[in-house]
Amino acid sequence: MARDYGEYFNIAYIEPESHIYGPGKRFVIWVQGCSLACKGCWNQQMWSEKPKKLLHREVLLEAILATEGIQGVTLLGGEPLEQQINLVWLLGNIREKSDLTIFVFTGYEVDEIERLGAYDDLQKLCDMIAIGRYRQSYRNVDQQWIGSSNQTVMYPNGSREKEQSQKMNQVEIIIDDNASLSITGFPDDDLVKTLMD
Ligand code: SF4
């Protein structure tokens, strides 16, 4: 289901320097809005399609290109393919104007991506694609970049990234200037409790 925000992305959160959503240091964008409603989803606050932070795609592109020392860009959410037109525009411009590698996480399966008409674009523009619904019964916190073992990481022909998903669980703890703490990744329940107590 595609949402129409014109030339604006509906954004949930941006972390300009993260180390756990793909190889190296990456500019990470969580889009707002996902209709897939996976049971046990860690980011349910990102399901609503109501505008959270509307950011013009040119502004987002400039912010990415102005960030020094990153290896790539990662988009997740939320569901990036539900903002498909702007997604393809952004990826195409990143490819054209930089050497940054591109990693997109989608909850859609391959046949659904084909039906959306996005498969060829993702193959052409992405270096890595994490594919498939989060399935709680297959929850796996021991595999880098995916949350359940049914999900796969695809490396399209022409991918510039060679680093394969490892058996490990990565969690990132970010303390902002106001000393508030956020945790990203797939922390197990005990870790969350320890940090939040
Ligand atoms: S696709 Fe991702 S964001 Fe959407 S419900 Fe599933 S796990 Fe949550």
Mean accessible surface per residue for the range 8-196, computed with a 1.4 Å probe while every protein chain stays in place, in Å²: 49 Å²
Options LEU100, MET154, LEU125, ranked by Cα towards positive dipole end of the range 8-196, top entry (Cβ charges): MET154
Neighbour cut-off at most 12 other Cβ (10 Å), DSSP loop, GluC sites (Glu not before Pro), the range 49-96: GLU68
Rounded, prolate or oblate (a/c below 1.5 giving rounded, otherwise prolate when a/b exceeds b/c) for the range 1-52 by Cα gyration tensor: oblate
Karplus-derived HN-Hα couplings along the range 80-85 (A = 6.51, B = -1.76, C = 1.60, θ = phi - 60°), whole Hz, x at Gly and Pro: x, 6, 8, 10, 4, 5
Paramagnetic reach from LYS97 in the range 4-35 [backbone N under 17 Å; point 7 Å along Cα→Cβ]: 7-9, 27-29
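Subtract the Cα-Cα distance of ASN140 and ASN157 from 0.36 nm times their separation in residues, and report this length gain in nm to one decimal.
Working it through step by step, the gained length comes to 3.4 nm.
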Using θ = phi - 60° and Karplus 6.51 cos²θ - 1.76 cosθ + 1.60, couplings along the range 129-135 (whole Hz; Gly, Pro as x): 9, 8, 10, x, 5, 7, 10
Dipole magnitude of the range 8-196, debye to nearest 20 (Cβ charges: Lys/Arg +1, Asp/Glu -1, about Cα centre): 240 debye
DSSP-assigned coil residues among chymotrypsin sites (Phe, Trp or Tyr not before Pro) in the range 10-106, each with at most 16 further Cβ atoms within 10 Å: TRP42
Anisotropy class of the range 8-196 from Cα gyration tensor, a/c 1.5 cut: rounded
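The values are calculated or read from the model by the stated rules, or taken from the named source; none is laboratory data. Computed from a predicted structure; not experimentally measured. With ideal geometry, Cβ positions are generated from the backbone for all residues, glycine too; neighbour counts draw on all protein chains shown. The area values use the complete protein model at the heavy-atom level, side chains included, leaving out ligands, DNA and RNA. Shrake-Rupley method; radii C 1.70, N 1.55, O 1.52, S 1.80 Å.
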